[in-house]
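All remarks here apply to the structure that follows.
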Amino acid sequence: MASASKSTRKGCGPKHSNSPTIIVMVGLPARGKTYIGKKLSRYLNWVGVNTKVFNVGQYRRETVKFKSHDFFRTDNEEAMKIRKQCAMEALKDVCKWLKGNGMIAVYDATNTTRARRNDILDFAEEHCFRVFFVESICDDPTVVEQNVAEVKVNGPDYRDTDPDAAMEDFKLRIAHYKESYETIDPTIDDDLSYIKIIDVGRRFMVNRVADHIQSRIVYYLMNIHIQPRSIYLCRHGESEMNIKGRIGGDSSLSQNGREFAVELGTFIKKQDIKGLTVWTSELKRTGETAVHIGAPSEKWKALNEISAGVCESMTYAEIQRNFPEEFALRDQDKYHYRYPMGESYHDLVTRLEPVIMELERSENVLVICHQAVMRCVLAYYLDETSERLPYLECPLHTVMKLTPVAYGCKVESFPLGINAVDTHRPKPQNVSTTREPDKALETTPDYPIKEQINSSAEESESSSEDEASTESSQRLNSRKRTFSFPGSNIKLTISKQLYFSNPDSVKRKSRSRHRSDSVSGNPSILSSADIRRGSSVPLFNERISEASSEEEDLKDDPLPSEDLKLVQFSFGVENDDYTGLEDEVPLE
(Lines give C-alpha, C1' and ligand atoms only; values in the text may rest on other atoms or scores of the structure.)
Protein backbone atom coordinates (compact mmCIF):
# COMPACT_ATOMS: atom_id res chain seq x y z
CA MET A 1 0.00 0.00 0.00
CA ALA A 2 2.81 2.37 0.86
CA SER A 3 4.65 1.66 -2.38
CA ALA A 4 1.47 2.34 -4.36
CA SER A 5 1.14 5.68 -2.63
CA LYS A 6 4.72 6.50 -3.52
CA SER A 7 4.26 5.69 -7.19
CA THR A 8 1.17 7.89 -7.55
CA ARG A 9 2.98 10.79 -5.90
CA LYS A 10 6.22 10.60 -7.82
CA GLY A 11 7.34 14.19 -8.41
CA CYS A 12 4.57 15.60 -6.18
CA GLY A 13 2.00 16.01 -8.92
CA PRO A 14 1.13 15.60 -12.59
CA LYS A 15 3.76 15.55 -15.30
CA HIS A 16 2.23 18.46 -17.24
CA SER A 17 4.83 21.23 -17.24
CA ASN A 18 2.18 23.97 -17.04
CA SER A 19 0.28 22.56 -14.05
CA PRO A 20 -0.39 25.09 -11.25
CA THR A 21 1.77 24.65 -8.16
CA ILE A 22 1.07 24.76 -4.43
CA ILE A 23 4.12 25.84 -2.43
CA VAL A 24 3.62 24.27 1.00
CA MET A 25 5.50 25.88 3.88
CA VAL A 26 6.70 23.51 6.64
CA GLY A 27 8.25 24.24 10.02
CA LEU A 28 7.83 25.20 13.64
CA PRO A 29 6.52 28.66 14.56
CA ALA A 30 9.04 31.55 14.47
CA ARG A 31 11.17 29.89 11.77
CA GLY A 32 10.55 32.54 9.13
CA LYS A 33 7.94 30.65 7.08
CA THR A 34 5.69 33.67 6.55
CA TYR A 35 8.72 35.85 5.77
CA ILE A 36 9.93 33.36 3.16
CA GLY A 37 6.43 32.86 1.72
CA LYS A 38 5.73 36.57 1.30
CA LYS A 39 9.17 37.27 -0.13
CA LEU A 40 8.83 34.39 -2.59
CA SER A 41 5.37 35.60 -3.62
CA ARG A 42 6.71 39.11 -4.22
CA TYR A 43 9.51 37.79 -6.43
CA LEU A 44 7.27 35.49 -8.48
CA ASN A 45 4.70 38.24 -9.08
CA TRP A 46 7.51 40.61 -10.12
CA VAL A 47 8.75 38.20 -12.80
CA GLY A 48 5.19 37.68 -14.04
CA VAL A 49 4.12 34.46 -12.28
CA ASN A 50 0.70 35.16 -10.75
CA THR A 51 1.13 34.19 -7.07
CA LYS A 52 -0.89 34.58 -3.86
CA VAL A 53 -0.22 33.69 -0.21
CA PHE A 54 -2.84 31.84 1.82
CA ASN A 55 -2.03 32.16 5.52
CA VAL A 56 -3.92 29.54 7.57
CA GLY A 57 -3.32 31.52 10.76
CA GLN A 58 -5.42 34.35 9.31
CA TYR A 59 -8.29 31.92 8.65
CA ARG A 60 -8.03 30.73 12.26
CA ARG A 61 -8.10 34.30 13.60
CA GLU A 62 -11.25 35.01 11.58
CA THR A 63 -12.92 31.87 13.04
CA VAL A 64 -12.03 32.05 16.75
CA LYS A 65 -10.51 34.59 19.08
CA PHE A 66 -7.08 33.54 20.33
CA LYS A 67 -6.79 33.20 24.12
CA SER A 68 -3.65 31.25 24.99
CA HIS A 69 -1.19 28.53 23.99
CA ASP A 70 -3.68 25.89 25.20
CA PHE A 71 -5.46 26.21 21.85
CA PHE A 72 -2.45 24.49 20.22
CA ARG A 73 -2.23 21.51 22.57
CA THR A 74 -2.35 18.22 20.66
CA ASP A 75 -4.88 16.82 23.15
CA ASN A 76 -7.28 19.75 22.68
CA GLU A 77 -9.77 17.92 20.42
CA GLU A 78 -12.17 20.83 19.91
CA ALA A 79 -9.32 23.14 18.90
CA MET A 80 -7.87 20.48 16.59
CA LYS A 81 -11.22 20.29 14.73
CA ILE A 82 -11.26 24.06 14.29
CA ARG A 83 -7.66 24.10 13.08
CA LYS A 84 -8.33 21.35 10.56
CA GLN A 85 -11.45 23.13 9.33
CA CYS A 86 -9.47 26.35 8.82
CA ALA A 87 -6.76 24.44 6.93
CA MET A 88 -9.37 22.94 4.57
CA GLU A 89 -11.05 26.33 4.02
CA ALA A 90 -7.69 27.74 2.99
CA LEU A 91 -7.15 24.81 0.57
CA LYS A 92 -10.56 25.46 -1.01
CA ASP A 93 -9.53 29.04 -1.66
CA VAL A 94 -6.22 27.79 -3.06
CA CYS A 95 -8.21 25.64 -5.50
CA LYS A 96 -10.35 28.60 -6.62
CA TRP A 97 -7.22 30.70 -7.14
CA LEU A 98 -5.34 28.10 -9.17
CA LYS A 99 -8.37 27.25 -11.30
CA GLY A 100 -8.82 30.96 -12.02
CA ASN A 101 -5.96 33.27 -12.98
CA GLY A 102 -3.47 31.98 -10.40
CA MET A 103 -0.33 30.05 -11.29
CA ILE A 104 1.22 29.63 -7.82
CA ALA A 105 -0.37 29.43 -4.35
CA VAL A 106 1.77 29.70 -1.22
CA TYR A 107 0.10 27.62 1.50
CA ASP A 108 1.49 29.24 4.65
CA ALA A 109 1.02 27.05 7.75
CA THR A 110 3.14 24.89 10.05
CA ASN A 111 2.22 21.59 8.30
CA THR A 112 4.44 19.85 10.83
CA THR A 113 2.91 16.36 10.62
CA ARG A 114 3.22 13.85 7.81
CA ALA A 115 -0.53 13.21 8.01
CA ARG A 116 -1.29 16.89 7.32
CA ARG A 117 1.16 16.94 4.40
CA ASN A 118 -0.44 13.78 2.98
CA ASP A 119 -3.84 15.49 3.12
CA ILE A 120 -2.41 18.31 1.02
CA LEU A 121 -0.88 15.83 -1.43
CA ASP A 122 -4.22 14.02 -1.79
CA PHE A 123 -5.97 17.35 -2.39
CA ALA A 124 -3.40 18.36 -5.01
CA GLU A 125 -3.62 15.01 -6.77
CA GLU A 126 -7.40 15.28 -6.95
CA HIS A 127 -7.16 18.68 -8.66
CA CYS A 128 -4.03 18.00 -10.78
CA PHE A 129 -1.80 20.49 -8.95
CA ARG A 130 1.92 20.12 -8.39
CA VAL A 131 3.26 20.41 -4.84
CA PHE A 132 6.60 21.82 -3.73
CA PHE A 133 7.50 21.83 -0.01
CA VAL A 134 9.64 24.54 1.58
CA GLU A 135 10.77 23.54 5.08
CA SER A 136 12.53 26.04 7.30
CA ILE A 137 14.60 24.50 10.09
CA CYS A 138 16.37 26.66 12.64
CA ASP A 139 18.02 25.42 15.83
CA ASP A 140 19.90 28.64 16.52
CA PRO A 141 18.29 29.96 19.74
CA THR A 142 19.48 33.51 19.03
CA VAL A 143 17.68 33.67 15.68
CA VAL A 144 14.49 32.11 17.10
CA GLU A 145 14.50 34.46 20.09
CA GLN A 146 14.97 37.48 17.82
CA ASN A 147 12.17 36.35 15.51
CA VAL A 148 9.76 35.84 18.42
CA ALA A 149 10.61 39.23 19.92
CA GLU A 150 10.41 41.22 16.66
CA VAL A 151 7.52 39.54 14.88
CA LYS A 152 5.34 37.20 16.91
CA VAL A 153 5.05 39.17 20.14
CA ASN A 154 3.97 42.22 18.11
CA GLY A 155 1.65 40.16 15.90
CA PRO A 156 -2.16 40.07 15.85
CA ASP A 157 -2.46 37.22 18.41
CA TYR A 158 -0.73 39.25 21.12
CA ARG A 159 -1.98 42.74 20.45
CA ASP A 160 -2.50 44.67 23.71
CA THR A 161 -0.68 41.91 25.64
CA ASP A 162 2.28 42.44 27.98
CA PRO A 163 5.45 41.64 25.94
CA ASP A 164 6.94 39.37 28.59
CA ALA A 165 3.70 37.42 28.98
CA ALA A 166 3.35 37.19 25.19
CA MET A 167 6.93 35.88 24.88
CA GLU A 168 6.31 33.18 27.48
CA ASP A 169 3.01 32.12 25.93
CA PHE A 170 4.51 31.87 22.45
CA LYS A 171 7.37 29.70 23.66
CA LEU A 172 4.81 27.30 25.13
CA ARG A 173 3.01 27.28 21.77
CA ILE A 174 6.26 26.23 20.06
CA ALA A 175 6.68 23.44 22.63
CA HIS A 176 3.22 22.05 21.73
CA TYR A 177 4.17 21.90 18.04
CA LYS A 178 7.48 20.19 18.85
CA GLU A 179 5.60 17.29 20.45
CA SER A 180 4.17 16.20 17.08
CA TYR A 181 6.72 17.67 14.64
CA GLU A 182 7.79 15.28 11.87
CA THR A 183 10.41 16.82 9.62
CA ILE A 184 10.58 15.93 5.93
CA ASP A 185 12.73 12.80 5.91
CA PRO A 186 15.18 12.19 2.99
CA THR A 187 14.41 8.45 3.11
CA ILE A 188 10.71 8.25 3.93
CA ASP A 189 9.82 11.27 1.79
CA ASP A 190 12.20 10.56 -1.08
CA ASP A 191 9.38 10.90 -3.64
CA LEU A 192 8.55 14.50 -2.60
CA SER A 193 9.77 17.70 -4.27
CA TYR A 194 11.20 19.99 -1.61
CA ILE A 195 13.90 22.32 -0.38
CA LYS A 196 15.00 22.36 3.27
CA ILE A 197 16.45 25.70 4.42
CA ILE A 198 18.63 25.05 7.45
CA ASP A 199 19.66 27.78 9.92
CA VAL A 200 18.54 30.70 7.74
CA GLY A 201 20.43 29.65 4.63
CA ARG A 202 23.64 28.23 6.07
CA ARG A 203 22.78 24.89 4.43
CA PHE A 204 20.22 23.62 1.93
CA MET A 205 18.84 20.25 0.96
CA VAL A 206 17.04 19.99 -2.39
CA ASN A 207 15.13 16.97 -3.68
CA ARG A 208 13.31 16.17 -6.94
CA VAL A 209 12.95 19.60 -8.54
CA ALA A 210 10.18 18.81 -11.02
CA ASP A 211 9.91 21.81 -13.37
CA HIS A 212 11.14 25.24 -14.36
CA ILE A 213 9.10 27.11 -11.74
CA GLN A 214 10.48 24.92 -8.94
CA SER A 215 14.04 25.46 -10.18
CA ARG A 216 13.49 29.25 -10.11
CA ILE A 217 12.10 28.98 -6.58
CA VAL A 218 15.17 27.04 -5.44
CA TYR A 219 17.49 29.52 -7.16
CA TYR A 220 15.79 32.45 -5.45
CA LEU A 221 15.62 30.90 -1.97
CA MET A 222 19.32 30.04 -2.10
CA ASN A 223 20.17 33.72 -2.67
CA ILE A 224 18.22 35.50 0.07
CA HIS A 225 19.48 36.32 3.57
CA ILE A 226 18.16 38.10 6.68
CA GLN A 227 21.22 40.14 7.66
CA PRO A 228 20.39 43.81 8.44
CA ARG A 229 21.28 46.05 5.49
CA SER A 230 20.06 49.03 3.45
CA ILE A 231 19.79 49.58 -0.28
CA TYR A 232 20.11 53.13 -1.56
CA LEU A 233 18.57 53.95 -4.93
CA CYS A 234 18.85 57.10 -7.00
CA ARG A 235 18.84 58.16 -10.61
CA HIS A 236 21.79 59.80 -12.29
CA GLY A 237 22.06 63.57 -12.06
CA GLU A 238 20.13 65.69 -14.55
CA SER A 239 21.59 65.15 -18.02
CA GLU A 240 21.82 67.29 -21.14
CA MET A 241 19.19 65.05 -22.75
CA ASN A 242 16.86 65.54 -19.75
CA ILE A 243 16.74 69.31 -20.15
CA LYS A 244 15.94 68.89 -23.86
CA GLY A 245 13.16 66.43 -23.07
CA ARG A 246 14.80 63.64 -25.06
CA ILE A 247 14.63 60.00 -23.95
CA GLY A 248 17.54 57.55 -23.79
CA GLY A 249 20.88 58.46 -25.31
CA ASP A 250 24.24 58.63 -23.58
CA SER A 251 24.74 62.29 -22.76
CA SER A 252 26.77 63.88 -19.97
CA LEU A 253 25.41 65.65 -16.92
CA SER A 254 24.04 69.19 -17.02
CA GLN A 255 25.27 71.85 -14.61
CA ASN A 256 22.50 70.88 -12.17
CA GLY A 257 23.48 67.24 -12.59
CA ARG A 258 27.10 67.96 -11.70
CA GLU A 259 25.97 69.84 -8.59
CA PHE A 260 23.87 66.83 -7.59
CA ALA A 261 26.89 64.54 -7.98
CA VAL A 262 28.80 66.68 -5.46
CA GLU A 263 25.83 66.78 -3.07
CA LEU A 264 25.33 63.01 -3.38
CA GLY A 265 28.94 62.39 -2.37
CA THR A 266 28.45 64.58 0.73
CA PHE A 267 25.17 62.85 1.63
CA ILE A 268 26.63 59.34 1.40
CA LYS A 269 29.64 60.28 3.53
CA LYS A 270 27.33 61.63 6.23
CA GLN A 271 25.38 58.37 6.24
CA ASP A 272 28.58 56.53 7.28
CA ILE A 273 27.55 53.28 5.58
CA LYS A 274 29.78 50.33 6.42
CA GLY A 275 31.01 48.21 3.52
CA LEU A 276 29.17 50.27 0.90
CA THR A 277 29.44 49.27 -2.76
CA VAL A 278 28.29 51.55 -5.60
CA TRP A 279 26.64 50.06 -8.69
CA THR A 280 26.21 52.11 -11.87
CA SER A 281 25.13 51.41 -15.43
CA GLU A 282 27.58 51.58 -18.35
CA LEU A 283 26.20 54.95 -19.49
CA LYS A 284 28.20 58.12 -18.91
CA ARG A 285 25.70 59.98 -16.78
CA THR A 286 25.65 57.37 -13.99
CA GLY A 287 29.44 57.16 -13.88
CA GLU A 288 29.69 60.96 -13.68
CA THR A 289 27.15 60.95 -10.84
CA ALA A 290 29.30 58.55 -8.79
CA VAL A 291 32.65 60.38 -9.07
CA HIS A 292 32.47 62.06 -5.63
CA ILE A 293 31.58 58.91 -3.67
CA GLY A 294 34.58 57.36 -1.99
CA ALA A 295 33.50 53.72 -2.26
CA PRO A 296 34.23 50.75 -4.53
CA SER A 297 32.08 50.81 -7.66
CA GLU A 298 30.92 48.30 -10.26
CA LYS A 299 29.44 48.85 -13.71
CA TRP A 300 26.43 46.77 -14.75
CA LYS A 301 25.26 46.58 -18.34
CA ALA A 302 21.99 45.22 -16.98
CA LEU A 303 21.40 48.59 -15.26
CA ASN A 304 21.38 50.51 -18.57
CA GLU A 305 18.21 52.45 -19.31
CA ILE A 306 15.35 50.79 -21.20
CA SER A 307 16.09 50.75 -24.94
CA ALA A 308 13.69 52.94 -26.92
CA GLY A 309 14.87 51.39 -30.22
CA VAL A 310 14.12 53.66 -33.18
CA CYS A 311 12.73 56.25 -30.73
CA GLU A 312 16.07 56.69 -28.92
CA SER A 313 16.97 60.36 -28.37
CA MET A 314 13.57 61.61 -29.53
CA THR A 315 11.26 63.91 -27.59
CA TYR A 316 7.73 62.73 -26.81
CA ALA A 317 6.47 65.26 -29.37
CA GLU A 318 8.72 63.72 -32.03
CA ILE A 319 7.54 60.21 -31.18
CA GLN A 320 3.91 61.37 -31.40
CA ARG A 321 4.58 63.04 -34.76
CA ASN A 322 6.44 60.10 -36.30
CA PHE A 323 4.72 57.17 -34.56
CA PRO A 324 1.27 58.36 -33.35
CA GLU A 325 -0.17 54.84 -33.26
CA GLU A 326 2.85 53.47 -31.40
CA PHE A 327 2.66 56.32 -28.91
CA ALA A 328 -0.99 55.44 -28.18
CA LEU A 329 -0.30 51.70 -27.93
CA ARG A 330 2.38 52.39 -25.32
CA ASP A 331 -0.10 54.45 -23.27
CA GLN A 332 -2.64 51.61 -23.47
CA ASP A 333 -0.29 49.00 -21.94
CA LYS A 334 2.98 50.61 -20.93
CA TYR A 335 4.31 47.54 -19.11
CA HIS A 336 4.06 45.11 -22.03
CA TYR A 337 4.53 47.55 -24.91
CA ARG A 338 7.86 47.09 -26.69
CA TYR A 339 9.47 49.98 -28.58
CA PRO A 340 10.11 49.15 -32.25
CA MET A 341 13.57 47.53 -32.22
CA GLY A 342 13.72 48.27 -28.47
CA GLU A 343 12.49 46.93 -25.12
CA SER A 344 9.40 46.82 -22.93
CA TYR A 345 9.22 47.12 -19.15
CA HIS A 346 8.59 43.36 -19.09
CA ASP A 347 11.85 42.86 -21.01
CA LEU A 348 13.59 45.15 -18.54
CA VAL A 349 12.37 43.12 -15.55
CA THR A 350 13.83 40.00 -17.17
CA ARG A 351 17.13 41.81 -17.75
CA LEU A 352 17.21 43.02 -14.12
CA GLU A 353 16.58 39.62 -12.52
CA PRO A 354 20.33 38.92 -12.01
CA VAL A 355 20.68 42.37 -10.41
CA ILE A 356 17.87 41.57 -7.95
CA MET A 357 19.54 38.25 -7.09
CA GLU A 358 22.83 40.02 -6.35
CA LEU A 359 21.03 42.66 -4.29
CA GLU A 360 19.47 39.86 -2.24
CA ARG A 361 22.92 38.37 -1.66
CA SER A 362 24.61 41.70 -0.92
CA GLU A 363 24.64 43.96 2.11
CA ASN A 364 24.82 47.77 1.78
CA VAL A 365 24.60 48.95 -1.84
CA LEU A 366 24.03 52.29 -3.59
CA VAL A 367 22.50 51.78 -7.04
CA ILE A 368 22.80 54.77 -9.40
CA CYS A 369 20.57 53.99 -12.35
CA HIS A 370 17.84 55.36 -14.62
CA GLN A 371 14.12 56.10 -14.37
CA ALA A 372 12.72 52.87 -15.88
CA VAL A 373 15.33 50.73 -14.10
CA MET A 374 14.63 52.37 -10.75
CA ARG A 375 10.90 51.81 -11.22
CA CYS A 376 11.47 48.09 -11.76
CA VAL A 377 13.71 47.75 -8.69
CA LEU A 378 11.27 49.72 -6.51
CA ALA A 379 8.36 47.60 -7.75
CA TYR A 380 10.17 44.46 -6.60
CA TYR A 381 10.80 45.72 -3.07
CA LEU A 382 7.42 47.43 -2.67
CA ASP A 383 5.40 44.58 -4.23
CA GLU A 384 3.84 46.84 -6.87
CA THR A 385 1.71 45.47 -9.70
CA SER A 386 2.77 45.51 -13.34
CA GLU A 387 0.02 48.09 -13.99
CA ARG A 388 1.51 50.55 -11.48
CA LEU A 389 5.17 49.81 -12.11
CA PRO A 390 5.66 52.04 -15.22
CA TYR A 391 4.13 55.03 -13.43
CA LEU A 392 6.07 54.96 -10.13
CA GLU A 393 7.51 58.39 -9.43
CA CYS A 394 11.31 58.45 -9.30
CA PRO A 395 12.32 62.12 -9.33
CA LEU A 396 15.78 63.27 -10.23
CA HIS A 397 18.15 64.33 -7.42
CA THR A 398 16.34 62.25 -4.77
CA VAL A 399 17.84 59.28 -2.88
CA MET A 400 15.57 56.48 -1.66
CA LYS A 401 16.67 54.25 1.20
CA LEU A 402 15.15 50.77 1.32
CA THR A 403 15.43 48.77 4.53
CA PRO A 404 14.03 45.21 4.43
CA VAL A 405 11.88 44.46 7.48
CA ALA A 406 9.92 41.42 8.66
CA TYR A 407 7.18 41.24 6.04
CA GLY A 408 8.03 44.09 3.68
CA CYS A 409 10.33 47.03 3.10
CA LYS A 410 10.67 50.40 4.82
CA VAL A 411 11.17 53.31 2.38
CA GLU A 412 12.74 56.68 3.21
CA SER A 413 13.08 59.48 0.65
CA PHE A 414 15.85 62.12 0.74
CA PRO A 415 15.52 65.01 -1.77
CA LEU A 416 18.97 66.64 -1.92
CA GLY A 417 17.72 70.12 -2.84
CA ILE A 418 19.29 70.51 -6.30
CA ASN A 419 16.94 71.77 -9.01
CA ALA A 420 16.09 69.38 -11.84
CA VAL A 421 13.56 68.98 -14.62
CA ASP A 422 10.51 66.79 -14.06
CA THR A 423 10.68 63.70 -16.30
CA HIS A 424 7.54 61.95 -14.98
CA ARG A 425 4.77 61.54 -17.58
CA PRO A 426 1.50 60.28 -16.03
CA LYS A 427 -0.86 58.16 -18.11
CA PRO A 428 -3.13 60.40 -20.23
CA GLN A 429 -6.90 59.90 -20.09
CA ASN A 430 -7.23 59.47 -23.86
CA VAL A 431 -5.23 56.48 -25.10
CA SER A 432 -7.05 55.97 -28.40
CA THR A 433 -4.96 55.47 -31.53
CA THR A 434 -7.11 58.14 -33.23
CA ARG A 435 -6.64 60.84 -30.57
CA GLU A 436 -5.51 64.36 -31.40
CA PRO A 437 -1.80 65.19 -30.83
CA ASP A 438 -2.58 67.66 -28.03
CA LYS A 439 -4.46 64.92 -26.15
CA ALA A 440 -1.51 62.55 -26.55
CA LEU A 441 0.91 65.13 -25.15
CA GLU A 442 -1.28 66.60 -22.40
CA THR A 443 0.69 64.91 -19.57
CA THR A 444 4.14 65.55 -21.08
CA PRO A 445 6.34 67.62 -18.71
CA ASP A 446 7.68 71.02 -19.75
CA TYR A 447 11.38 71.27 -20.54
CA PRO A 448 13.66 74.34 -20.56
CA ILE A 449 14.57 73.98 -24.27
CA LYS A 450 11.08 72.97 -25.41
CA GLU A 451 10.19 76.40 -26.92
CA GLN A 452 13.47 76.56 -28.82
CA ILE A 453 12.77 73.14 -30.32
CA ASN A 454 9.21 74.13 -31.22
CA SER A 455 10.28 77.41 -32.84
CA SER A 456 12.86 75.56 -34.93
CA ALA A 457 10.17 73.14 -36.05
CA GLU A 458 7.84 76.01 -36.95
CA GLU A 459 10.57 77.72 -39.00
CA SER A 460 11.24 74.48 -40.83
CA GLU A 461 7.55 73.96 -41.62
CA SER A 462 7.14 77.51 -42.92
CA SER A 463 10.03 77.23 -45.42
CA SER A 464 9.54 76.25 -49.06
CA GLU A 465 9.36 72.62 -50.22
CA ASP A 466 12.76 72.86 -51.96
CA GLU A 467 14.45 74.23 -48.83
CA ALA A 468 12.79 71.53 -46.70
CA SER A 469 14.01 68.87 -49.10
CA THR A 470 17.57 70.24 -48.96
CA GLU A 471 17.55 70.47 -45.16
CA SER A 472 16.12 66.95 -44.91
CA SER A 473 18.86 65.64 -47.16
CA GLN A 474 21.52 67.38 -45.08
CA ARG A 475 20.08 65.93 -41.88
CA LEU A 476 20.05 62.44 -43.35
CA ASN A 477 23.72 62.79 -44.24
CA SER A 478 25.00 64.61 -41.15
CA ARG A 479 22.73 63.72 -38.22
CA LYS A 480 23.05 60.02 -37.61
CA ARG A 481 22.83 57.97 -34.44
CA THR A 482 23.45 54.35 -33.61
CA PHE A 483 21.62 51.67 -31.69
CA SER A 484 21.98 47.93 -31.17
CA PHE A 485 19.54 45.08 -30.92
CA PRO A 486 19.30 43.93 -27.27
CA GLY A 487 22.17 41.54 -26.60
CA SER A 488 24.17 42.56 -29.69
CA ASN A 489 27.33 44.65 -29.97
CA ILE A 490 26.71 45.41 -33.65
CA LYS A 491 26.00 49.13 -34.10
CA LEU A 492 23.29 50.22 -36.55
CA THR A 493 22.99 53.83 -37.73
CA ILE A 494 19.61 55.45 -38.20
CA SER A 495 18.76 59.01 -39.17
CA LYS A 496 16.96 61.24 -36.68
CA GLN A 497 14.49 62.81 -39.13
CA LEU A 498 11.81 60.25 -39.99
CA TYR A 499 9.06 60.57 -42.60
CA PHE A 500 6.39 57.96 -43.28
CA SER A 501 5.38 56.73 -46.72
CA ASN A 502 1.90 55.46 -47.50
CA PRO A 503 2.15 51.63 -47.54
CA ASP A 504 -0.17 51.49 -50.56
CA SER A 505 1.87 53.96 -52.60
CA VAL A 506 4.92 51.73 -52.88
CA LYS A 507 4.62 48.85 -55.30
CA ARG A 508 6.05 45.73 -53.68
CA LYS A 509 7.92 43.11 -55.70
CA SER A 510 8.74 39.52 -54.87
CA ARG A 511 10.75 39.21 -51.65
CA SER A 512 14.49 38.87 -51.95
CA ARG A 513 16.50 36.63 -49.69
CA HIS A 514 18.19 38.14 -46.64
CA ARG A 515 21.85 39.06 -47.12
CA SER A 516 23.48 41.58 -44.80
CA ASP A 517 26.10 42.65 -47.36
CA SER A 518 23.36 43.55 -49.87
CA VAL A 519 21.91 46.21 -47.54
CA SER A 520 25.05 47.49 -45.82
CA GLY A 521 25.20 51.25 -46.10
CA ASN A 522 22.17 51.52 -48.45
CA PRO A 523 19.11 53.60 -47.59
CA SER A 524 15.89 51.61 -47.31
CA ILE A 525 12.31 52.76 -47.52
CA LEU A 526 9.99 51.36 -44.86
CA SER A 527 6.33 51.97 -44.26
CA SER A 528 4.81 52.70 -40.86
CA ALA A 529 3.57 49.12 -40.85
CA ASP A 530 7.16 47.88 -40.98
CA ILE A 531 8.27 49.57 -37.75
CA ARG A 532 5.56 48.50 -35.40
CA ARG A 533 4.99 46.80 -32.10
CA GLY A 534 4.90 43.09 -32.71
CA SER A 535 6.75 43.10 -36.05
CA SER A 536 9.34 40.36 -36.10
CA VAL A 537 13.00 41.07 -36.75
CA PRO A 538 13.13 38.66 -39.73
CA LEU A 539 10.20 40.49 -41.34
CA PHE A 540 11.92 43.82 -40.70
CA ASN A 541 15.12 42.59 -42.32
CA GLU A 542 13.17 41.14 -45.21
CA ARG A 543 11.65 44.53 -45.85
CA ILE A 544 15.12 46.10 -45.75
CA SER A 545 16.34 43.61 -48.35
CA GLU A 546 13.24 44.16 -50.44
CA ALA A 547 13.58 47.92 -50.33
CA SER A 548 17.24 47.58 -51.34
CA SER A 549 16.34 45.50 -54.40
CA GLU A 550 13.70 48.07 -55.40
CA GLU A 551 16.03 51.03 -55.10
CA GLU A 552 16.47 51.45 -58.85
CA ASP A 553 12.71 51.35 -59.46
CA LEU A 554 12.16 54.01 -56.83
CA LYS A 555 14.70 56.30 -58.47
CA ASP A 556 12.62 56.18 -61.67
CA ASP A 557 9.39 56.85 -59.78
CA PRO A 558 10.26 58.91 -56.68
CA LEU A 559 7.67 59.74 -54.09
CA PRO A 560 7.35 63.21 -52.54
CA SER A 561 9.91 63.63 -49.76
CA GLU A 562 7.31 64.59 -47.17
CA ASP A 563 5.53 61.24 -47.69
CA LEU A 564 8.64 59.14 -47.14
CA LYS A 565 10.20 57.75 -44.01
CA LEU A 566 13.89 57.24 -44.71
CA VAL A 567 15.81 54.95 -42.38
CA GLN A 568 19.48 54.28 -43.08
CA PHE A 569 21.25 51.27 -41.62
CA SER A 570 24.85 50.14 -41.77
CA PHE A 571 25.72 46.76 -40.29
CA GLY A 572 28.93 46.78 -38.25
CA VAL A 573 32.01 45.90 -40.25
CA GLU A 574 31.88 46.56 -43.98
CA ASN A 575 31.24 43.44 -46.09
CA ASP A 576 30.73 41.36 -42.97
CA ASP A 577 27.79 38.92 -43.17
CA TYR A 578 27.26 38.94 -39.38
CA THR A 579 24.28 41.16 -38.48
CA GLY A 580 24.07 40.64 -34.73
CA LEU A 581 20.75 38.82 -35.05
CA GLU A 582 22.05 35.74 -33.29
CA ASP A 583 18.69 33.95 -33.19
CA GLU A 584 17.96 34.32 -36.91
CA VAL A 585 18.99 31.71 -39.47
CA PRO A 586 19.65 33.50 -42.82
CA LEU A 587 17.62 32.17 -45.72
CA GLU A 588 19.44 30.27 -48.45
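Some points to look at:
- Translational diffusion of the stretch 380-426, µm² s⁻¹ [Kirkwood Rh, Cα pairs; Stokes-Einstein; 25 °C; 0.890 mPa s]: 198
- Modelled label positions at HIS424 and GLN85, each set 7 Å beyond Cα in the direction of Cβ, lie 4.8 nm from each other.
- Of the trypsin sites (Lys or Arg not before Pro) in the stretch 69-160, the ones in a loop by DSSP (not H, G, I, E or B) with at most 13 other beta carbons within 10 Å are LYS99, ARG159.
- Computed extension gain for LYS274 through ALA175, at 0.36 nm per residue and net of the alpha carbon distance, reaches 31.7 nm.
- Calculated from backbone phi, Karplus (6.51, -1.76, 1.60) coupling profile of the stretch 136-144 in Hz, x at Gly/Pro: 9, 10, 9, 10, 7, x, 5, 5, 4
- With all protein chains in place and a 1.4 Å probe, the accessible surface of the stretch 97-181 carries 49 percent carbon and sulfur.
- Where only alpha carbons of the stretch 95-245 are counted, the Rg and the Dmax (Å): 20.8, 69
- Sequentially through the stretch 86-99, phi angles give Karplus couplings (6.51, -1.76, 1.60; θ = phi - 60°) of 5, 4, 6, 5, 5, 5, 4, 5, 4, 4, 4, 5, 6, 8 Hz, Gly and Pro residues having no value and appearing as x.
- Solvent-accessible surface ranking, highest first, for PHE414, PHE327 at 1.4 angstrom: PHE414, PHE327
- Accessible area per residue, Å², the stretch 200-346 with all protein chains present, probe 1.4 Å: 42
- Percent of alpha-carbon pairs separated by more than 19 Å within the stretch 167-301: 69
- Theoretical FRET efficiency, 1/(1+(r/R0)^6), r = Cβ-Cβ of ILE226 and ASP190, R0 25 Å, to 0.05: 0.25
The values are calculated or read from the model by the stated rules, or taken from the named source; none is laboratory data. In this text the structure is predicted, and so the values were computed from the model without any measurement. Neighbour counts run over all protein chains shown; Cβ positions are idealised from the backbone, glycine included. Just so you know, the surface numbers come from the protein's heavy atoms only, side chains and all, with ligands and any DNA or RNA stripped out. Shrake-Rupley method; radii C 1.70, N 1.55, O 1.52, S 1.80 Å.
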